[in-house]
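For reference, the structure is listed below as structure tokens.
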Amino acid sequence: MPRSEAESASTILAPYCLGFGVDVGCGERKITPWAIGLDYEHRDGRTDLPMTDADIYGPWETWFASPQAQGLDFVFSAHLLEDYVNWQNVLETWLGAISPDALLVLLLPDEQRYRDYCHEHAQPYNENHRAEWAGPADFLEQLGEALRIRMEPVASGTVEPYSFYVVLRRLS
């Protein structure tokens with residue numbers, strides 16, 4: 001039986017999530033057991049979705065505004081950043097919470113591959129997507145100079161059937 005995208009991504013990305021960190025929008029299972037899971041009790045207020053593995057419920061923005069959100073070793077997020085029009089501002093917030101040399105670990109959809117997958121498998125498309133990338137290189141290009149000079153790419157690649165990952169280190 002083939003592994004799910006979540007399992008494949010976890011195998012690839014969990015080794016980057018060491019120390020004190022958070023899984024923003026953790027969903028049913030955090031990237032690592034020691035990550036602080038941030039999510040809504042029922043995502044988007046819907047009760048038909050599974051409960052999350054969150055340690056802290058509510059908007060991630062509230063937690064990141066607290067004193068606990070300082071000196072993180074990593075911030076992990078899977079399939080959340082694309083829901084924001086101003087996703088660079090979201091990255092700025094997360095970047096501000098991690099220590100120098102700490103990591104942003106992101107799993108994102110390749111939007112065209114995702115649309116094709118939804119069409120081929122007769123699955124509904126997520127209408128919440130506000131940002132679009134065509135893989136890691138396109139994501140890094142869209143970061144903009146202000147973010148690029150503060151981070152360096154550590155790793156990137158694809159996760160079937162339609163996602164890609166980017167690991168970025170905060171520079172001193």
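Just so you know, all these numbers are worked out from the coordinates, no wet-lab data involved. What you are looking at is a predicted structure, and each value in this text was computed from that prediction instead of being measured. Neighbour counts are summed over all protein chains in view; Cβ atoms, including those assigned to glycine, are modelled from backbone coordinates with ideal geometry.
Under 5 Å from the amide H of D110 lie the amide H atoms of S163, F164, each residue being 5 or more positions distant or on a separate chain, with H modelled from the backbone and absent for Pro and chain starts. Using the Cα coordinates of the chain, the gyration tensor eigenvalues translate into equivalent-ellipsoid semi-axes of 23, 20, 16 Å, sorted from longest to shortest. FRET efficiency for the Y84 to F20 pair, using the beta carbon distance and R₀ = 30 Å, is estimated at 0.75. In this rough spin-label picture, where each label sits 7 Å from Cα along the Cβ direction, the D55-A146 distance is 3.1 nm.
Think of each Lys and Arg Cβ as +1 and each Asp and Glu Cβ as -1; about the Cα centre, that makes the dipole of the chain roughly 400 debye.
Only helical runs count toward this figure. For the chain, summing -39,500 (n - 2.57) over DSSP H runs of n ≥ 4 and dividing by all residues gives -7000 deg cm²/dmol at 222 nm. If the chain linking A137 and Q70 were pulled fully straight, counting 0.36 nm for each residue of separation and taking away their Cα-Cα distance, it would gain 21.2 nm. Computed over the chain with a Gaussian network model linking Cα atoms closer than 10 Å, the most mobile of V75, V24, V85 is V85. Karplus-based coupling profile of the range 28-41, in residue order and whole Hz: 6, 8, 5, 4, 9, x, 8, 5, 7, x, 10, 5, 7, 4, with θ = phi - 60° in 6.51 cos²θ - 1.76 cosθ + 1.60 and x standing for Gly or Pro. Close amide H contacts of G157 (hydrogens built in the peptide plane, cut-off under 5 Å, sequence separation of 5 or more or a different chain): Y165.
Here the chain is scanned for GluC sites (Glu not before Pro) in DSSP loops (not H, G, I, E, B) that have at most 12 other Cβ atoms within 10 Å, and the longest stretch holding none of them is 42-126.
Explain nothing, just the number: relative contact order of the range 21-172, from Cα pairs under 8 Å at least 6 residues apart, as a whole percent.
For the range 21-172, the relative contact order is 20 percent.
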